[in-house]
Amino acid sequence: MPLDPVALATRYHAAISDLDFAVIENFFTEDATYSSGGIGGLKGRADIMAAFRRYFSEYPDQVAEDSLVEPISAVAARSVWHLTATSTLTGARLQRQGEEIITFDSEGRIVSVDVTDL
């Protein structure tokens, strides 16, 4: 059965919204990469998960919404999103929007995430 990158990306985002770190971690391959203007480039599931945990300890109230999730290849999806969150350290409100390209391996696990703020 072929991969459905849109369904996989949607499930990945749902796990993030639920702060289900076990599910999020299971999505990533051991040597996955994650690139974002906010955090730079990360390599490896352990570093990616450490960054997720740091971010969500500061922004536990994040609400993110996809306005579009579309396939861009047989193994990749593009999402356009926006989010709001409040820093527990400063009280400052964060608002971001951007796009994300998520690439999966043949087993449906994430090999790369590339985030671009718009």
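The values are calculated or read from the model by the stated rules, or taken from the named source; none is laboratory data. Since we're looking at a predicted model, the values are computed, not measured. Using ideal geometry, Cβ is built from the backbone for each residue, glycine included, and neighbour counts are taken over all protein chains shown. For accessibility, only protein heavy atoms count, side chains too; no ligands or nucleic acids. Shrake-Rupley method; radii C 1.70, N 1.55, O 1.52, S 1.80 Å.
Per-structure values
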{"item": "Longest to shortest principal axis, alpha-carbon extents of the stretch 1-50, angstrom", "result": "32, 24, 20"}
{"item": "Within the chain: Cβ-based charge dipole about Cα centre, in debye rounded to nearest 20 (Lys, Arg +1; Asp, Glu -1)", "result": "260 debye"}
{"item": "Neighbourhood charge, 12 Å Cβ-Cβ cut-off, centred on Ala77 and excluding it, Lys, Arg +1 and Asp, Glu -1", "result": "-4"}
{"item": "Hz values of 3J(HN,Hα) by residue in the stretch 105-113 - Karplus curve (6.51, -1.76, 1.60), Gly and Pro given as x", "result": "8, 5, 9, x, 9, 6, 9, 7, 10"}
{"item": "Probe 1.4 Å, accessible area per residue of the chain, Å²", "result": "55 Å²"}
{"item": "MRE, 222 nm, helices only [DSSP H, n ≥ 4, -39500 (n - 2.57), over the chain, to nearest 500]", "result": "-9000 deg cm²/dmol"}
{"item": "Environment charge of Val6, counting only residues whose C-beta is closer than 12 Å and scoring Lys/Arg +1, Asp/Glu -1", "result": "-1"}
{"item": "Dipole axis of the chain (+1 Lys, Arg; -1 Asp, Glu on Cβ), positive-most option in Gly108, Phe56, Tyr34", "result": "Phe56"}
{"item": "Amide N proximity, the stretch 85-118 versus Asp31 label position 7 Å along Cα-to-Cβ, cut-off under 19 Å", "result": "103-114"}
{"item": "Built amide H within the under 5 Å cut-off of Thr33, gap 5+", "result": "Gly44, Ser112, Val113"}
{"item": "Theoretical gain in end-to-end length, Gln97 to Ala64 [0.36 nm per residue, Cα-Cα removed]", "result": "11.0 nm"}
{"item": "Estimated inter-spin distance, Tyr55 and Ala14, nm [label 7 Å along Cα→Cβ]", "result": "2.0 nm"}
{"item": "Surface share of carbon and sulfur [accessible, 1.4 angstrom probe, percent] for the stretch 1-91", "result": "57 percent"}
{"item": "Overall Cα dimensions of the stretch 58-118, principal axis frame, Å, largest first", "result": "41, 20, 15"}
{"item": "Alpha-carbon Debye profile of the chain, log10 I(q)/I(0) at 0.13, 0.21 Å⁻¹", "result": "-0.47, -1.30"}
